[in-house]
Amino acid sequence: MTRHVPALVVGGGISGLVCAYALRKSGIDAQLVEASPRPGGVINSVSRDGFLLELGPQSFSGTAAIRKLSADLGISNELLQAPPHVPRYVLIDGKLQPAPLSPPAFFLSSMINGATKWALLRDILGKSIPPDADESVAAFVRRKFSPQLLDRLVGPFVSGVYAGDPERLSVRSAFPTLYEAETASGSIVRGMMRIAKSKKGPRERPTLQTFRAGNETLVRALAKNLGPALLTETKVHGISRQNDGTFALSLEKPDGTESVSTKSLIFATPTDITGSLLSQLDASFASPLSSIEYAAVAVVSLGYRQQDVGHSLNGFGFLVPRSSGLRVLGSVWNSSLFPGRTPEGHALLTSFVGGATDPAATKSKPEELAALVHREISPVLSMKSDPVFSNVTIWPRALPQYNLGHGDRLSAIAKSCARFPGLWLTGNYLQGPAIGSCVEQALAIAEEVRRKLSA
Ligand SMILES: Cc1cc2nc3c(=O)[nH]c(=O)nc-3n(C[C@H](O)[C@H](O)[C@H](O)COP(=O)(O)OP(=O)(O)OC[C@H]3O[C@@H](n4cnc5c(N)ncnc54)[C@H](O)[C@@H]3O)c2cc1C
């Protein structure tokens, strides 16, 4: 017996959950299948020994779409906002220096040399044209600004967002507004100002947010709303296209297999899974999807007694230039940003190791990673004692890399999709890895599906 569903979403990370939720809200009886017993993908909040840990993303930038989603789900009053204007630091010559994030701060900063400041002025007053070929973030920063800016600010920032390698990330895919700014205005600064002015509605200052019980509150609320429409521990195993245009899928469930057919199929799975399943439909899907690389990341949370931390921890945390020789990419001071993350009198710091520039790091044992992070952050934060708590999570495929050629890979994927009306893709490898970007893209795909079904 084959069960027919009007829409089937595969993959219950934030992308799939939001897509299925939006479809159901618009009156379409969508079903969501998730391979693991727990929905949420890399969003995972865990309470242990009085510490509230984020095993994946630590927080997210508040966006209008996430606020609306939270209001619809009745969890707005659970949202927490990090203190505005908290400093973000960069580790320079063993000392934490505030990252200069505004033009005046940039020109006044002692961590930026005269040549780099002059290069920024040259950008504001001059005109440049981006090369025709895809350009790496590193090549872009060296061409427009300076090697110092790449080492001290852009490289660390790229680690913070993509855990990426600036020598390999594509500027036009990973940071499209920079490319658009230069293309349209011949200057990054003038172009960015023009883009900001052209945006409709009140200007939003990005705010860092989470929920009182962690990021997973959003996942739990979406899963609760979906109810029996969410099938966990269910994997798509086989897929084919019928003569009438419907997709026939075989699902592997804990109690056996099930056949399902649908006219609207949305894949919200990582690229390796999406590629291997869709290649059953057409071999052309395999190469562009499987050639999107992912960076491995270890997330190391350490808890200290407050009295053992010499630094005030007043801030967001710090990023570490690769030239420092340290293996820690950066550290988030969770307990400085949000209440309720630790038992009384403790501090919680989460550091990241690995990424595209140090793939071997995540092969170490969890206890070695915890020791490495403590050893490296201790002198920076004047620790007087060992941590009283540690937790290490290794994500072998943490974040998709928008490397050189990413745009061509996405065009090839879109071309293959166009041959299969009723097939859609959503997920963090398409329009940005941030939770906010995933939410926006999933909502847009749900709207496309709705329009197609009501046409
Ligand atoms: C360590 C780390 C730190 C991050 N930090 C931040 C941050 O601070 N701020 C921010 O905004 N973003 C951050 N991100 C990025 C963001 O969290 C992710 O990009 C986003 O959550 C990805 O969601 P997704 O649904 O697209 O993919 P995923 O979360 O990967 O979900 C894919 C889902 O598909 C399921 N699946 C796989 N195979 C099958 C199958 N065969 N059948 C059915 N289901 C299947 C998986 O089990 C999974 O649940 C971070 C990510 C990581 C890993």
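Could you tell me which residue of the stretch 37-58 is nearest to the ligand (Cβ to nearest atom), considering only residues that are touching a residue at least 60 places away in the same chain (Cβ under 8 Å) and in contact with a helix residue (DSSP H, G or I) (Cβ under 7 Å, 6 or more places away or on another chain)? If we take residues in the stretch 37-58 being touching a residue at least 60 places away in the same chain (Cβ under 8 Å) and in contact with a helix residue (DSSP H, G or I) (Cβ under 7 Å, 6 or more places away or on another chain), then P57 is nearest to the ligand (Cβ to nearest atom). When we screen S312, S324, S331, S336 for residues that are surrounded by 24 or more Cβ atoms within 10 Å (Cβ to Cβ), of a type in the set (S, T, N, Q) and modelled with pLDDT of 95 or more, the only hit is S331.
Determine if the stretch 10-24 includes at least one residue that is without any contact (Cβ under 8 Å) to a residue 40 or more places away in the chain, of a type outside the set (S, T, Y) and away from the ligand (no atom under 16 Å from the Cβ). No, every residue in the stretch 10-24 fails to be without any contact (Cβ under 8 Å) to a residue 40 or more places away in the chain, of a type outside the set (S, T, Y) and away from the ligand (no atom under 16 Å from the Cβ). Residues that are within 27 Å of the chain's Cα centre (by Cα) and crowded, with 17+ Cβ neighbours inside 10 Å within the stretch 108-134 comprise P130, D134, listed in sequence order. Only a single item in (1) closer than 30 Å to D386 by Cβ; (2) surrounded by fewer than 18 Cβ atoms within 10 Å (Cβ to Cβ); (3) hydrophobic (A, V, I, L, M, F, W, C) is not met by V297, and it is number (2). Where strands (runs of 3 or more DSSP E) fall wholly inside the stretch 1-73, the ranges with 1 or more residues that are modelled with pLDDT under 95 are 2-10.
When the stretch 278-294 is limited to residues that are within 15 Å of the ligand (Cβ to nearest atom) and surrounded by fewer than 21 Cβ atoms within 10 Å (Cβ to Cβ), the one that is nearest to the chain's Cα centre (by Cα) turns out to be Y294. The set of residues in the stretch 113-127 being in contact with a helix residue (DSSP H, G or I) (Cβ under 6 Å, 6 or more places away or on another chain) and either closer than 11 Å to P166 by Cβ or assigned to a loop (DSSP other than H, G, I, E, B) (or both) consists of N113 alone.
Only residues that are out of contact with any helix residue (DSSP H, G or I) (no Cβ under 6 Å at 6 or more places or on another chain), among the hydrophobic types (A, V, I, L, M, F, W, C) and away from the ligand (no atom under 16 Å from the Cβ) were counted across the stretch 387-416, and they come to 4.
Any chance you could count how many residues in the stretch 201-256 are within 12 Å of the ligand (Cβ to nearest atom), touching a residue at least 40 places away in the same chain (Cβ under 8 Å) and surrounded by 14 or more Cβ atoms within 10 Å (Cβ to Cβ)?
Of the residues in the stretch 201-256, the ones within 12 Å of the ligand (Cβ to nearest atom) are 206, 208-210, 215-216, 218-219, 222-223, 230-239, 249-253.
Next cut, touching a residue at least 40 places away in the same chain (Cβ under 8 Å) only: 206, 208-210, 215-216, 218-219, 222-223, 230-236, 238-239, 249, 251.
Adding the requirement that they be surrounded by 14 or more Cβ atoms within 10 Å (Cβ to Cβ) leaves 208-210, 215-216, 218-219, 222-223, 230-236, 239, 249, 251.
Residues in the stretch 201-256 being within 12 Å of the ligand (Cβ to nearest atom), touching a residue at least 40 places away in the same chain (Cβ under 8 Å) and surrounded by 14 or more Cβ atoms within 10 Å (Cβ to Cβ): 19 in total.
Annotation: K235 fulfils all but one of (1) farther than 30 Å from S291 by Cα; (2) basic (K, R); (3) out of contact with any helix residue (DSSP H, G or I) (no Cβ under 7 Å at 6 or more places or on another chain); the unmet one is (1).
The values are calculated or read from the model by the stated rules, or taken from the named source; none is laboratory data. Being a predicted model, the structure only gives us computed values, none of them experimental. Positions of Cβ are generated from backbone atoms using ideal geometry, with glycine treated the same way; all protein chains shown enter the neighbour counts.
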